[in-house]
1. Is there any pair with a first residue in region 135-159 that is touching a residue at least 60 places away in the same chain (Cβ under 8 Å) and under 11 Å from Asn104 (Cβ atoms) and a second that is surrounded by fewer than 13 Cβ atoms within 10 Å (Cβ to Cβ) and hydrophobic (A, V, I, L, M, F, W, C) whose Cβ atoms are under 8 Å apart and which are 6 or more apart or on different chains, and what are they?
2. Can you report the number of residues in region 168-185 which are without any contact (Cβ under 8 Å) to a residue 12 or more places away in the chain and not in a helix (DSSP H, G or I)?
3. Given the criterion crowded, with 16+ Cβ neighbours inside 10 Å and more than 26 Å from the chain's Cα centre (by Cα), identify the matching residue among Gly224, Gly229.
4. Would you point out which residue out of Leu178, Leu136, Leu189, Leu217 is under 30 Å from Asp113 (Cβ atoms) and open to solvent by less than 30 Å² (accessible area, probe 1.4 Å)?
5. From Lys265, Lys247, which residue is of a type in the set (D, E, K, R) and modelled with pLDDT of 90 or more?
6. Here is a check on your reading of the model: is Ala315 within 21 Å of Gln85 (Cβ to Cβ) and in a helix (DSSP H, G or I)?
7. Between Pro126, Pro102, which is over 30 Å from Asp275 (Cα atoms) and not β-branched (Val, Ile, Thr)?
8. Any residue in region 91-102 that is surrounded by fewer than 13 Cβ atoms within 10 Å (Cβ to Cβ) sitting within a Cβ distance under 6 Å of a residue that is not in a helix (DSSP H, G or I) and not aliphatic (A, V, I, L, M)? List the pairs, counting only those 6 or more apart or interchain.
Amino acid sequence: MSVNQRGNGWEAYVTYKGKKFRRTLSTKEDATVLEAMWQREIAQGNMPTAMEVNRETGKASGWTLRYAFDRCHENYWANTKNERQVMFIQSIVCKYWGEKSPINRISTTTVFDWIRWMRENQGYAPSTVNRHISCLKKCLDNAVDEGALTTVPKFKRQSEKGRERIEYFSKDEENAILSEFERLGEDYLRDYAIVAVDTGMRAGEVLKIDGDNLIKLQQTRADGSQMYGAYIPDRKNGEPLLMPITKRVEEVLRKRKTFNDPLYKHRLAWDRVRDGLGLTNKCWHTWRHTTATRLTEKGWDTANIMRYMGHKNIATTLKYAKWDTSTMVGGSNLLED
């Protein structure tokens with residue numbers, strides 16, 4: 001039982017209970033890894049697993065993409081803040097490649113084709129493409145670490161510089177979306193959207209609100225009514241927040257109490273409304289962009305918007321600022337004195 005050169009390749013060879021197992025691979029390293037995997041299975045009293053060999057790359061693996069994602073999820077993503085989002089991305093990636101597809105079939109060429117498909121066919125923004133790339137690469141890196149693959153293909157991250165997608169909903173678009181939710185009986189999504197656009201909270205942060213524990217604030221609203229705040233134990237930046245809420249958000253929270261279903265469970269309904277209104281270039285996160293954009297348009301200062309939105313870097317907040325001549329004239333007038 002040893003690796004030997006055979007023609008232009010290298011042969012992995014073992015025997016078990018009188019049965020021979022042979023595979024020829026393109027490199028000695030891949031053949032050595034395959035033989036070691038077989039020997040480990042024999043030592044455990046198991047029949048060596050049938051291995052898929054990619055004819056183009058010569059790489060072998062007994063792992064399907066679904067199994068590789070499950071292993072990576074167990075090792076890295078389980079019980080993390082981003083677990084739900086990663087699971088959603090995994091489902092999209094598996095839908096493209098196929099859950100039962102052997103991971104050794106994923107090559108640099110097919111990865112580049114996949115990236116092009118995400119950009120051109122799906123219209124994904126560079127940041128969205130990069131999130132999908134990171135998910136698949138982490139999965140394959142873990143497979144290498146566990147000895148199920150020898151190398152990973154190359155991944156070309158997309159440049160996000162100067163191409164940030166700062167889309168937002170106009171008031172008319174917001175009203176149309178809410179009306180469609182009502183017409184379809186999607187009250188959960190309607191309430192979810194109201195909280196999202198009036199607070200700027202991320203989808204996962206809305207799930208942490210407890211409508212039974214709204215906090216009475218000292219301040220009152222412009223109409224003289226009492227103002228309340230919703231407490232969020234931790235945001236994406238890791239800090240807790242007491243978020244003052246609008247009157248309609250207060251009404252939603254006192255009625256609904258909590259949001260228990262993550263957004264992905266309502267994905268089909270949201271896509272139906274978005275597609276029907278011709279808003280396919282926008283996503284649920286656009287509600288958050290809308291909040292920041294409206295605060296900017298109403299003239300609230302950048303430092304306060306940064307704290308309100310929970311941005312770690314002021315550069316993120318400044319993307320919403322619209323620097324034009326009239327804005328700069330204001331600065332010039334201040335310097336006259």
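1. So the pair list comes out empty.
2. Going through region 168-185, the residues without any contact (Cβ under 8 Å) to a residue 12 or more places away in the chain turn out to be 170-172, 175, 179, 182-183, 185.
Narrowing further to those that are not in a helix (DSSP H, G or I): 170, 185.
Matching residues across region 168-185 total 2.
3. Working: Gly224 fails: crowded, with 16+ Cβ neighbours inside 10 Å.
Only one candidate passes the filter, namely Gly229.
4. Values: Leu178 fails: under 30 Å from Asp113 (Cβ atoms); Leu189 fails: under 30 Å from Asp113 (Cβ atoms); Leu217 fails: under 30 Å from Asp113 (Cβ atoms).
Result of the check over Leu178, Leu136, Leu189, Leu217: Leu136.
5. Working: Lys265 fails: modelled with pLDDT of 90 or more.
Just one listed residue meets the conditions, Lys247.
6. Here the answer is no, as Ala315 does not meet what is asked.
7. Values: Pro126 fails: over 30 Å from Asp275 (Cα atoms).
Criteria check complete, one pass: Pro102.
8. Once the first residue is surrounded by fewer than 13 Cβ atoms within 10 Å (Cβ to Cβ) and sits in region 91-102, its partners that are not in a helix (DSSP H, G or I) and not aliphatic (A, V, I, L, M) give Lys100/Thr64.
The values are calculated or read from the model by the stated rules, or taken from the named source; none is laboratory data. Note that the structure is predicted; figures quoted are calculated from it, not measured. So basically every Cβ, Gly included, is an ideal-geometry build from the backbone, and we count neighbours across all protein chains shown. Side chains included, ligands, DNA and RNA excluded: accessible areas come from the protein's heavy atoms. Shrake-Rupley method; radii C 1.70, N 1.55, O 1.52, S 1.80 Å.
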